[in-house]
Protein chains: 2
Amino acid sequence: MAGAPDPQRRSERARVAILDAALSLCRETGFSALTIEGIAERAGVSKKTIYRWWPSKGTVLLDAVTELAGRTALFPDTGDFERDMNTQVNIVVGLYSPQDTSPVAALVAEGQLDAALAASIREQVIAPSIAGFEERMRSAQRVGELPGSADPAVALDLFYGPLYHRLALRLGLPDEEEIRVRIAHVMAALRATA
Amino acid sequence: MAGAPDPQRRSERARVAILDAALSLCRETGFSALTIEGIAERAGVSKKTIYRWWPSKGTVLLDAVTELAGRTALFPDTGDFERDMNTQVNIVVGLYSPQDTSPVAALVAEGQLDAALAASIREQVIAPSIAGFEERMRSAQRVGELPGSADPAVALDLFYGPLYHRLALRLGLPDEEEIRVRIAHVMAALRATA
DNA sequence: TACAGAACGACACGCTACGTGTCGTGTCAT
DNA sequence: ATGACACGACACGTAGCGTGTCGTTCTGTA
């Protein structure tokens, strides 16, 4: 019967058209209104072709977003950890804006309702990103910008927590100044662990 | 011409049955599998009765949760702000557990995909809860536990951020010890604002 | 207590999207 | 060249949506 399809014979044209259609439709009408049939129609592709390669609209969008962002946003390292954190958090906030039609925001929301999708997101995007953060933070600790006793897991929660708090409760995404103040607080807290 | 229905003639029996059915079904099968038809069947109620009073399954669940929690969880005030924050955050984490079938977690996730639902959640639950936090924090400032210069909006983001970071990215909800450490960090940061 | 009217349960309806199956056509590794 | 398989197209049964209709039951008010 239907064994797994052969990736070597896969149509690149169809793959790209599907990913493009998913992204543009999500940005136009939001994730809730996104349907497999809608994607198929805009991409000029059979539904069967989508179901052959993806199990859900969430995973289609995940691949689209992953492709779009290239590999996970790398952490800058200018030698100033606090400045680099500001840069990085502002970039991430940009990915979630505008919240109503951001494919990234939709993906994260859907992941909270779909454990399987969440696992894929974690593997493809979140885990590498966290690894990047920890590497950058350890570098800051080696240079003496932060005490060696500071815990990267705690720091991660505190640096990014405000963003997800705003996102989850729809409190409005933080602007640059709000980000700056919160990061400054976290830096103070981490330095106090010495 | 379906004018607005008359709340005075509303059947309390049906209302309670619907709310109970929504809660139990959500806990059994999760929010994604929750349907208006399923709620109607379990509640022994006509679909029409549900649609007469609620526009979506999300708003049904919101009312169920609001009723369940009575009025918004009040902030304790033992005179020890850090201890009270630990108590409060642990309670909130409990509301979100287990993430897969928690009606509260489902509601917050759905709110990220449905702006109208999010607005209702904010009015009925979030806004009063934030007001309670700010009141408790100002009390701590009056007593001198925190400097008067500490900003409640920043504090809110930092105290609750870690929880929503874990929730949104499915990193596993923090346990008591993890909460304790993060709150201690935030307290240090807020005290450093002096 | 009688009564009008509205909410109720039941059921049927058309619709959209789902996920699968079938069937020629086209395309690619060999 | 050729055979296998992914492709586009189209059809299918199903689930759930949101609405409409119709008696029946309940409730607030006269």
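In a GNM of chain B with a 10 Å cut-off on Cα contacts, which of B:19, B:156, B:107 has the highest mean-square fluctuation?
B:156
Can you tell me the Rg and the Dmax, both Å, for the Cα atoms in segment B:117-174?
13.7, 39
Mind pulling the angle between the C-alpha long axis of helix A:127-143 and the longest principal axis of chain A? Nearest 10 degrees, somewhere in 0 to 90.
20
Relative to the longest principal axis of chain B, what angle (0 to 90°, nearest 10) does the C-alpha long axis of helix B:12-29 take?
Once rounded, the angle reads 70 degrees.
Once phi is turned into ³J(HN,Hα) by the Karplus curve 6.51 cos²θ - 1.76 cosθ + 1.60 with θ = phi - 60°, what whole-Hz value does each residue of segment A:79-86 show in order, with x for glycine and proline?
Result, rounded to whole Hz: x, 10, 4, 5, 5, 4, 5, 4.
Could you give each residue of segment A:155-171 its phi-based ³J(HN,Hα) in whole Hz, using Karplus coefficients 6.51, -1.76, 1.60 with θ = phi - 60°, and x for Gly or Pro?
4, 4, 4, 6, 5, 9, x, x, 4, 6, 4, 4, 5, 5, 9, 6, 8
Determine ³J(HN,Hα), in whole Hz, for all residues of segment B:99-109 in sequence, where each value follows from phi through the Karplus function 6.51 cos²θ - 1.76 cosθ + 1.60 and θ = phi - 60°; x replaces Gly and Pro.
4, 5, 10, 5, x, 5, 4, 4, 4, 5, 5
In whole Å, what are the extents of chain A along the principal axes defined by its C-alpha atoms, from largest to smallest?
Ordered largest first, chain A gives principal extents of 62, 35, 28 Å.
If I take every Cα pair under 8 Å that is 6 or more residues apart in chain B, average their sequence separation and divide by the length, what percent do I get for the relative contact order?
Normalised by residue count, the contact order of chain B is 20 percent.
Let a ≥ b ≥ c be the square roots of the eigenvalues of the Cα gyration tensor of the protein assembly as shown; is it rounded (a/c under 1.5), or, if not, prolate (a/b larger than b/c) or oblate?
Oblate shape, in that a/c is at least 1.5 and b/c is the bigger or equal ratio.
Of B:121, B:39, B:91, which is the most mobile in a GNM of chain B whose springs link Cα atoms less than 10 angstrom apart?
Of B:121, B:39, B:91, the Gaussian network model singles out B:91 as fluctuating most.
Within straight cross-link reach of residue B:48, meaning Cα distance under 25 Å, which lysines are found once same-chain residues fewer than 8 apart are removed?
B:57
Calculated FRET efficiency, residue B:29 and residue B:177, Cβ-Cβ r, R0 25 Å, to nearest 0.05?
The computed FRET efficiency comes out at 0.20.
Taking chain B as the reference, fit the longest principal axis to its C-alpha atoms, fit the long axis of helix B:57-68 to the helix C-alpha atoms, and give the angle between the two in degrees, 0 to 90, nearest 10.
The angle comes out near 60 degrees.
For residue A:127 and residue A:67, FRET efficiency with R0 = 22 Å and r from the beta-carbon atoms, rounded to 0.05?
FRET efficiency, residue A:67 to residue A:127: 0.80.
If amide H atoms are built 1.01 Å from N in the plane of the peptide, which residues on other chains or at least 5 residues away come under 5 Å of the amide H of residue A:146?
Under 5 Å from the amide H of residue A:146 lie the amide H atoms of A:141, each far enough along the sequence or on another chain.
With springs only between Cα atoms under 10 Å apart, run a GNM on chain A and tell me which of A:74, A:117, A:158 wobbles the most.
Of A:74, A:117, A:158, the Gaussian network model singles out A:74 as fluctuating most.
Only the coordinates and a few stated rules stand behind these numbers; no lab work does. Here the structure is a predicted model, which means the values were calculated and not measured. Cβ coordinates were reconstructed from backbone atoms using ideal geometry, including for glycine residues, and neighbour counts include every protein chain displayed.
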